[in-house]
Amino acid sequence: MRRIASILVSLSLVFLGTVNTKAGGALESFDITAGTPSPIPGHILARVIGIRWDSRSIPVQYRVNNTLDPIPNPLGAPFLTVADATTAFAASLEEWNSIRTSFIELEIVGTTANPGLRGFDFVNELTFRTAAGFSAIASSPSVNLIADSTFVDGDDIDGDGDSDVSATLTRTGDADGDGDIEFPPGLYKAGTILDNDVQFNTKTSNGFRFTTDPAQADTVTRSVDLMCVAVHEIGHSFGLSHVLNNQDSAEDADGATMFPFIDTGDPASELAQRTPNIDDIAFASFFYQEGSASSGPGRIQFGDIPFKFVFGLIKGRLTHGVLNQPIAGGSLLAVDALHRENRVSAFSGTTNLSFNPTNGGLFFVPDVNQAIVNGNYVLPVPIGLYGVNVEAVDGQPVPAANISFTTQIGSFFGQQNFIEEFFNHGDAALERSPGDAKLVVGFPSLTVNNINIVTNDVFNVANFGPRNAIGFINSPAGRTYAVAFPAAQLAAINPSGDILVQAGLYDTNVVDASTPALFADAFLTTGVINPDGSANINLTTPLARSSGFLGQDGDFAPFYFKDPRGLGRTIRQGINNGTIQNVFLVLRIPTTTPFPGVSGQPPLIGLNNTGTLFGLSFLSNDGGVTFNRVPTFNFRFSLVVSQPS
């Protein structure tokens with residue numbers, strides 16, 4: 001009996017709170033089939049790839065661990081039964097099975113009486129048993145091939161003395177009736193998933209109470225909807241990665257199910273994440289395309305819709321405008337221009353790691369040219385007109401380490417440090433209006449190529465340190481925040497010439513994830529700082545204004561200015577003739593109450609109170625009539641400026 005466990009790798013745990021492994025919409029592993037030497041002596045270049053179930057493993061078969069019944073509840077009664085949990089699991093699988101453009105199919109075939117922890121045993125397990133110290137809500141670890149492999153009848157892949165390959169099968173199944181699955185013989189590609197388990201944390205000290213009835217949803221942060229969590233984890237189980245899309249529009253705060261965080265204090269948000277949105281559907285369909293084969297799961301059957309009848313592709317490459325390098329792990333987003341909705345997101349780049357065959361260790365490749373093959377991306381989109389947006393995976397709202405190998409590689413080489421912008425006419429490192437979007441047509445079966453983006457070379461005038469607080473709760477309606485940018489600071493950017501004043505960036509947040517970060521107004525304006533620490537800020541005739549300004553949940557929201565060159569000249573002339581002493585970025589919360597959301601709190605802003613306190617942040621509680629300096633915080637507002645090309 002042949003054992004081939006040396007070609008397997010267990011992915012790092014995929015948590016709702018902390019995760020690694022994925023990119024381009026795909027949960028990631030690596031491929032060492034080629035055996036190409038790495039720049040690190042004794043190592044092999046490992047091409048980063050997505051993981052998938054082989055079509056011979058569809059439908060994917062799961063078993064529910066029934067050894068904890070009722071299921072432990074760290075908060076005490078009421079307790080959930082295994083039967084009720086199984087019903088929720090079945091409904092969670094069906095959320096993915098019902099996507100008509102995807103042939104992914106997952107099913108529960110029975111139970112398992114495993115008294116221990118999940119592991120690599122060819123039983124795809126749904127379990128409430130977790131190891132000591134496990135602190136996430138849940139995780140979905142998989143085992144996959146890291147090299148192309150040929151399975152032959154009788155192979156013992158997991159080394160337990162039981163054959164895992166049977167010539168009696170053409171599809172995976174329990175050939176010998178012992179409760180685990182066997183694979184049919186044949187060639188399997190690197191990245192093929194062999195085993196997946198989903199585990200849910202019910203530890204007394206740091207676990208969660210799982211509920212299955214929407215009526216039981218509450219604001220207790222250790223109480224969480226099981227189906228919400230399960231749908232997310234099942235997305236990982238067949239290869240979907242996390243995404244940054246956590247707020248679709250000003251009217252709809254719900255984002256992708258595969259966003260890595262769940263607001264367990266907001267029942268409406270939990271229940272919304274039960275249902276995959278178009279971002280999730282697009283990649284479940286792209287990876288498992290209906291109509292992609294003449295036989296097997298990819299063959300069109302009654303009720304199916306061919307992938308190409310619904311989705312087209314937007315393709316391009318992403319380049320760092322300062323480093324002149326292809327970007328690994330930049331986040332691309334197709335924004336529906338007509339409805340102003342975020343639709344489908346992806347990540348850029350084809351990358352390599354360095355693999356030590358002696359101990360299985362993974363390392364960054366020290367040479368950027370060998371680490372990052374290209375900055376290519378693909379966005380599968382339904383019919384529509386799209387602006388293509390790009391932003392860095394810089395920790396807000398999600399760190400690079402929570403996404404994928406590819407985003408971490410980009411971060412390792414200092415690439416996750418650019419300003420959010422749109423693809424536009426003449427996209428280049430030095431451009432006039434990064435907020436102007438050249439619209440791209442999405443149409444079924446249509447592939448639009450060469451939507452190439454070069455990140456902008458700008459000065460981000462930011463007088464603050466890292467975010468270490470958010471505020472302010474219980475604010476009065478109409479509270480207004482302002483940050484000053486002294487004339488001398490702006491004049492020093494290009495002392496002998498013009499500047500382009502392109503955008504203001506506001507670090508914003510919400511208390512309830514089901515509530516959009518919608519502010520009443522954003523302003524760019526002028527004003528003076530008085531000797532007593534107050535400020536007179538002109539809100540009557542601002543330089544630019546946006547009413548109904550949509551912030552972002554846990555990220556910087558851009559306020560793009562319409563005429564950066566003209567605005568820059570106005571500011572330069574005002575500085576030169578002494579009429580402009582300071583430029584201010586101003587943000588006003590809604591002017592009426594009650595504020596929306598279960599908490600009744602207004603949208604918040606990001607704060608910094610360590611290191612240098614610049615004394616440039618001001619607050620008004622009377623709608624902007626008077627502003628007083630806030631001595632204990634830097635408000636995290638910045639001004640994006642560049643030099644003309």
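Would you point out the residue of the stretch 44-102, among those that are basic (K, R) and in contact with a Ser or Thr (Cβ under 8 Å, 6 or more places away or on another chain), that is farthest from V231 (Cα to Cα)? Quick ask: steps written out before the conclusion?
Quick first cut of the stretch 44-102, residues basic (K, R) only: 47, 52, 56, 63, 100.
Filter once more, keeping what is in contact with a Ser or Thr (Cβ under 8 Å, 6 or more places away or on another chain): 47, 52, 56, 63.
Working: R47: 29, R52: 17, R56: 23, R63: 16 Å.
Selected residue: R47.
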Only residues that are open to solvent by 30 Å² or more (accessible area, probe 1.4 Å) and within 19 Å of G554 (Cα to Cα): list them for the stretch 259-271, please. F261, D263, A268
Within the bounds of the stretch 547-554, is there any residue that is of a type in the set (S, T, N, Q) and under 30 Å from the mean Cα position of the chain (by Cα)? yes
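Is it true that some residue in the stretch 471-489 is under 29 Å from G574 (Cβ atoms) and free of Cβ contacts under 8 Å to residues at least 60 places away in the same chain? So that I can check it myself, show each step before the final result.
Residues of the stretch 471-489 that are under 29 Å from G574 (Cβ atoms), as a first pass: 478-489.
Narrowing further to those that are free of Cβ contacts under 8 Å to residues at least 60 places away in the same chain: 488-489.
Checked the stretch 471-489: at least one residue is under 29 Å from G574 (Cβ atoms) and free of Cβ contacts under 8 Å to residues at least 60 places away in the same chain.
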Assuming V109 fulfils every condition listed in (1) outside any loop (DSSP other than H, G, I, E, B); (2) touching a helix residue (DSSP H, G or I) at 6+ places or on another chain (Cβ under 7 Å) apart from one, which condition is it? (2)
If S269 satisfies every condition in (1) closer than 24 Å to I193 by Cα; (2) in a helix (DSSP H, G or I); (3) in contact with a Ser or Thr (Cβ under 8 Å, 6 or more places away or on another chain) but one, which is the exception? (1)
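Specify which of the listed residues (A175, A147) is more than 30 Å from D512 (Cβ to Cβ), touching a residue at least 24 places away in the same chain (Cβ under 8 Å), assigned to a loop (DSSP other than H, G, I, E, B) and aliphatic (A, V, I, L, M).
Working: A175 fails: touching a residue at least 24 places away in the same chain (Cβ under 8 Å).
Residue meeting the stated conditions: A147.
Inside the stretch 74-87, can you point out the residues that are among the aliphatic types (A, V, I, L, M), surrounded by fewer than 17 Cβ atoms within 10 Å (Cβ to Cβ) and touching a strand residue (DSSP E or B) at 6+ places or on another chain (Cβ under 8 Å)? Write out each step before concluding.
Restricting attention to the stretch 74-87, the residues satisfying the condition of being among the aliphatic types (A, V, I, L, M) are 75, 77, 80, 82-83, 85.
Add one more test, that the residue is surrounded by fewer than 17 Cβ atoms within 10 Å (Cβ to Cβ), and what stays is 75, 77, 83.
Within the stretch 74-87, just L75 meets the criteria.
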Condition check for D164: among the acidic types (D, E) and surrounded by 23 or more Cβ atoms within 10 Å (Cβ to Cβ): yes
Residues that are modelled with pLDDT of 95 or more and more than 19 Å from S331 (Cβ to Cβ): does the stretch 403-417 have at least one? no
For the stretch 272-378, give me every one of the strands (runs of 3 or more DSSP E) that falls completely inside it and has 3 or more residues that are open to solvent by 40 Å² or more (accessible area, probe 1.4 Å) and over 30 Å from S98 (Cα atoms). 361-364
Quick check on N538: is it under 30 Å from I262 (Cβ atoms), surrounded by fewer than 20 Cβ atoms within 10 Å (Cβ to Cβ) and among the polar types (S, T, N, Q)? no
Out of the residues in the stretch 150-161 meeting the condition of being open to solvent by less than 10 Å² (accessible area, probe 1.4 Å) and within 37 Å of the chain's Cα centre (by Cα), tell me which one is farthest from S237 (Cα to Cα). F151
Would you mind finding the one in G410, G375, G384, G426 that is touching a residue at least 12 places away in the same chain (Cβ under 8 Å) and on the phi > 0 side of the Ramachandran plot? G384
Within the bounds of the stretch 564-578, is there any residue that is of a type in the set (A, V, I, L, M, F, W, C) and either without any contact (Cβ under 8 Å) to a residue 60 or more places away in the chain or farther than 30 Å from E251 by Cβ (or both)? yes
Hey, can you tell me all the residues within the stretch 21-73 that are open to solvent by less than 40 Å² (accessible area, probe 1.4 Å), within 25 Å of S292 (Cα to Cα) and out of contact with any Asp or Glu (no Cβ under 9 Å at 6 or more places or on another chain)? A23, G24, A26, L27, E28, S29, F30, W53, D54, S57
Residue count, the stretch 540-552, condition outside any strand (DSSP E or B) and touching a strand residue (DSSP E or B) at 6+ places or on another chain (Cβ under 6 Å), comes to 5
Strands (runs of 3 or more DSSP E) wholly inside the stretch 437-504 containing at least 3 residues that are open to solvent by less than 10 Å² (accessible area, probe 1.4 Å): 480-486
Those residues of the stretch 210-258 which are charged (D, E, K, R) and either surrounded by fewer than 19 Cβ atoms within 10 Å (Cβ to Cβ) or under 16 Å from the mean Cα position of the chain (by Cα) (or both), in sequence order: D213, D218, R222, E233, D248, E251, D252, D254
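For the condition over 28 Å from the mean Cα position of the chain (by Cα) and at pLDDT 95 or above, what is the one hit in I146, I104, I71? Full working, then the answer.
Numbers: I146 fails: over 28 Å from the mean Cα position of the chain (by Cα); I104 fails: over 28 Å from the mean Cα position of the chain (by Cα).
Exactly one of I146, I104, I71 is over 28 Å from the mean Cα position of the chain (by Cα) and at pLDDT 95 or above, namely I71.
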Cβ pairs under 7 Å, 6+ apart, first in the stretch 34-56 and more than 28 Å from P297 (Cβ to Cβ), second of a type in the set (D, E) and open to solvent by 30 Å² or more (accessible area, probe 1.4 Å): P39/D367; A46/D31
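I need a count of the residues in the stretch 192-206 that are open to solvent by less than 20 Å² (accessible area, probe 1.4 Å) and more than 11 Å from S149 (Cβ to Cβ). Talk me through it step by step, then tell me what you get.
Initial filter on the stretch 192-206 (open to solvent by less than 20 Å² (accessible area, probe 1.4 Å)): 192-202.
Pick out the ones that are also more than 11 Å from S149 (Cβ to Cβ) and you get 193, 195-202.
Selection size over the stretch 192-206: 9.
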Is it the case that the stretch 113-120 has a residue that's in a helix (DSSP H, G or I), open to solvent by 20 Å² or more (accessible area, probe 1.4 Å) and in contact with a strand residue (DSSP E or B) (Cβ under 7 Å, 6 or more places away or on another chain)? no
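The values are calculated or read from the model by the stated rules, or taken from the named source; none is laboratory data. Quantities reported herein were computed from a predicted structural model and do not represent experimental measurements. Every residue, glycine among them, receives a Cβ derived from its backbone with ideal geometry; neighbour counts consider all protein chains shown. Please note that ligands, DNA and RNA were not included when accessible areas were found on the heavy atoms of the full protein model with its side chains. Shrake-Rupley method; radii C 1.70, N 1.55, O 1.52, S 1.80 Å.
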